[in-house]
1. Looking only at the stretch B:514-573, count how many residues are assigned to a loop (DSSP other than H, G, I, E, B), more than 14 Å from every other protein chain (Cβ to nearest Cβ) and hydrophobic (A, V, I, L, M, F, W, C).
2. Within the bounds of the stretch B:118-135, is there any residue that is touching an Asp or Glu at 6+ places or on another chain (Cβ under 7 Å) and under 30 Å from B:SER259 (Cβ atoms)?
3. Would you confirm whether any residue within the stretch B:419-439 is under 19 Å from B:LYS533 (Cα atoms) and either in contact with a strand residue (DSSP E or B) (Cβ under 6 Å, 6 or more places away or on another chain) or without any contact (Cβ under 8 Å) to a residue 24 or more places away in the chain (or both)?
4. Which count do you get for residues in the stretch B:432-462 that are closer than 23 Å to B:PHE509 by Cβ and open to solvent by 60 Å² or more (accessible area, probe 1.4 Å)?
5. Sort out for me the strands (runs of 3 or more DSSP E) sitting completely within the stretch A:107-195 that have 2 or more residues that are open to solvent by less than 10 Å² (accessible area, probe 1.4 Å), small (Gly, Ala, Ser) and within 14 Å of chain B (Cβ to nearest Cβ).
6. Out of the stretch B:147-161, which residues are in contact with a Ser or Thr (Cβ under 8 Å, 6 or more places away or on another chain) and either surrounded by fewer than 20 Cβ atoms within 10 Å (Cβ to Cβ) or in a loop (DSSP other than H, G, I, E, B) (or both)?
7. Checking B:THR352 against (1) in contact (Cβ under 8 Å) with a residue 40 or more places away in the chain; (2) more than 22 Å from B:THR438 (Cβ to Cβ), which single condition isn't satisfied?
8. Taking B:LEU138 as meeting all but one of (1) touching an Asp or Glu at 6+ places or on another chain (Cβ under 8 Å); (2) more than 14 Å from every other protein chain (Cβ to nearest Cβ); (3) outside any strand (DSSP E or B), write down the number of the exception.
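The values are calculated or read from the model by the stated rules, or taken from the named source; none is laboratory data. Note that the structure is a prediction, hence the values are computed from the model and not measured. Note that we place each Cβ from the backbone using ideal geometry, even for glycine, and neighbour counts take in every protein chain shown. The accessibility values were calculated without ligands, DNA or RNA, using every heavy atom of the protein model including side chains. Shrake-Rupley method; radii C 1.70, N 1.55, O 1.52, S 1.80 Å.
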Amino acid sequence: MKWSKAIRRGGRSCRRCLLILPVVIFFSGQLLRAAFDVFPVSYAYYGIGGRDSYAVNGDLLNAFGDPARLSARRSINGVFSWNRLFQIKELKHEVWSVSAPVLGMGIAVGGSAFGNPLYRESILALMIGKTIMKRLEIGISILNYQVRIRNYGQAAATGINISWRYYPAPDWYWNTSLRNINAPEIGRTRERLPQVITTGLGLQYRKNLKARLEWEQDLEYRGGLEFGLACEPVSWFGFSGGYASEPARINAGIFFSVNKLYIDYAIVFYQQINRFSMQMGMGVSLDRP
Amino acid sequence: MGRDAEEILPEEDALVLEELARSTPGITAEKAARLTQLSFLSASDVRILQAGADSGWVSSLPERPEISDRLRELLKLLAKSQASEDPRISWKQTLVSKGDIRYQWRGRVVFPSVEVGMFMERDPGESFITDRSSGYLLRRYSRGRLILGDHQIVSGYGLMFWRSVPVKKGFETITSLARAGRGLQPYRSSHESWNLRGAGITYNTPWGEWLVSLGRNPRDGYIDADGNIHVRDTGLHTGEMTTAQKGKLRETSIVGQWSLRATRSQIGLVVASDEWTGEDRQRKLFRGYSIFGSRNGNHWLIFGECAAGFNDTWGYLFGGQIRSKTIQYLFTVRSYTPGFRALRSNPFAEWTGSERSETGVYQGLVIRKGRYKVTLYGDLYAERLLRNDIKFPSRGRDSAWRWEGKWAHADWRLQWKEEIRTNENKTTYFPRMIPSKTFKRTLKIIVKYKRDKNTTWKLNWNKTDFRSGPISATGQGIDLLWIRSGEVTTVTLDWVTTVVEGYKAGIYFWDVNLPGEMRTRMYAVSGHAPGLKILYRSPEGFKIGARYRVTWPDLRFAGNPVTEGALVAEFVM
């Protein structure tokens, strides 16, 4: 009996693999173009940032690629987010991050896991951000990338991201982030991890309205423009929307806070494949302004 | 009126000017020392700046009658700066779009006696964010300086060491050719193959200044089976072969220089050793030596350099200059044996690189009278041949004149240039004939009108005639520029229309340039090319700007236009 159970279990696993494999291959070919293309980012807060932002979830999630954001955090914060790419269970993406101020810097540790039992990409990160001379925020994050394929093997690589944010005036900023500036390679085939340059301007109007325009380019492909807008009509609720051209996607999100708890929910619609992803985040922040 | 579009400045000059423009108003000893690095200032201006910096009377420099109009204008611009303190940190990002994107990041941090600089670049099509990265640490001592990282040596008159851009033949040669190099400098140019990477140090003694440089410089290329060195200087790593050759050559350089500078004279001696190592451990060793010097009086200067280059080549450049308030005359003679080169040689010459091989005589004359200035120059040159060469030497003659003056509330410039070169050692099939000479004549008229403090108009008309036997081509172009400068924003509109019959009659105009750029464009087809530039400067020193140009290769605006643009963002603190 035990043998028959094992066989049935094995059969289910095989069927699952047969289902997962083409899904992963198909979508990898379309939009997930290389290992670690799926990177921690907050779609609800894509359009906003800045020093008066309540977007603690966004800052902590986006700090993996843009660690300069951490310098604005004044106390302990934590976030956990779930994302399901294209509504496919096997393409689940979970991210967590905890930050605290240490020695005048914002320091965070975080991790992300993408995939399924057959194929999994994990990131473990140390992120540091600091403010210099009031107007400039700089940051560096060191990431350990691991990819594991069941019954095949695993590989690891280390990447370094740097970013900076400059405020010519309190209500607008220019920032740039450089992902994997050390050009890491992973595996025996030495596959290069994505090197991404993001640069843009953000501005804030009366604390309630924020906008961001940026250029993002993965060096393997053409770059594209991204635009985001966020509105916080009241201190405990807000909504955002944005558009990116490469690949073409529209995102919309809502976020609200209850006491020190922050919850956000975003949908990203991919025009090329007519599918959408969902992301939900929950964060705790002890530094209410 | 600006420089001629065919006489671009080295990038280092643009960087120095930018840094000085960001500093506090007025002139200090340190700023005077920085100004001496500008390649377009004359030798006498450099002497005055150096004397002022050494003696402490530099603040009265703008009132000195002996400085040139150009230096006086530069000092007036520096006096207009609104910075309240000298910046300690500067950081600049540039994106240039033409197909794919070129990204550049440049930064500098200044402490009281230490300076740190860095530069990163990713060219279009390259796979690494930091395909090129460069940095230096400069430490100043009372008796000299130490540079760790990327540095360069600008020495003598360019026969052994010079910048990546040589002194070009033109109207500015009269002021810039007689200048000796200023020695050890940090390397900040985006040119990828000119730096020395290692350590350089200078030490001043009563018996002269000593300079030593040790470098281990990765270069792109390879050494073939016959021992020939193939070097790629483009800096582009976009294909499999170019990426595979990146940094595969190792150049180990050892340089020693002694120079003694007195009030009216200078002498220097340079010795350099250069070893190239390929991937297969093949080695090639080269050595070079040079001696240079100058002597000047109140109204005259004689200068020269003689060098033994690599591969048993040699060269010399000698000259004399006479100057007064109204007249300036320069005479130089040069000679380089075939293939003359040294470690970083870039002397004044007609032919460059491995084709360098010539004897030439250059003369220039500037006459100033009130509001008018006339500049003339002429250059005669001929190719040098090896003893057993069985070919005829190419010869050529360049001559040009320029008139500048003020008339009807506008600044005018009228300029004419003729270049004649013989066609030697070319073959063709009968019955075609190769004409004995090639002629190229250029006529330019430039008018600059300053309507008020904030608005400037500039009109530039160029005509080029090319003729080589039965083949002839004519190019004409007009460039209309409008600049509106506000308190924080500057807007520039530029419209270029050209009627050009071919590449050989191409027309040169300055492009709309963002801060730090020195780009010119050569128009080789007929068409229209409007351009726009917007630059915003905040009172705290933040700059953000964009330029955009659309080029239609057709006078009727037919076909698909080519677009290109750039963005720059820069902050100082």
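1. Residues in the stretch B:514-573 being assigned to a loop (DSSP other than H, G, I, E, B), more than 14 Å from every other protein chain (Cβ to nearest Cβ) and hydrophobic (A, V, I, L, M, F, W, C): 7 in total.
2. Within the stretch B:118-135 (the criterion being touching an Asp or Glu at 6+ places or on another chain (Cβ under 7 Å) and under 30 Å from B:SER259 (Cβ atoms)), the answer is yes, since at least one residue qualifies.
3. Step one: filter the stretch B:419-439 for residues under 19 Å from B:LYS533 (Cα atoms), giving none.
No; the residues of the stretch B:419-439 include none that is under 19 Å from B:LYS533 (Cα atoms) and either in contact with a strand residue (DSSP E or B) (Cβ under 6 Å, 6 or more places away or on another chain) or without any contact (Cβ under 8 Å) to a residue 24 or more places away in the chain (or both).
4. Selection size over the stretch B:432-462: 8.
5. Numbers: elements: A:119-132, A:136-149, A:153-169, A:172-179.
Fully inside the stretch A:107-195 and qualifying: A:153-169.
6. Residues satisfying the conditions are B:SER155, B:GLY156, B:GLY158, B:LEU159, B:MET160.
7. All conditions are met except number (2).
8. If we test B:LEU138 against (1) touching an Asp or Glu at 6+ places or on another chain (Cβ under 8 Å); (2) more than 14 Å from every other protein chain (Cβ to nearest Cβ); (3) outside any strand (DSSP E or B), just (3) comes out false.
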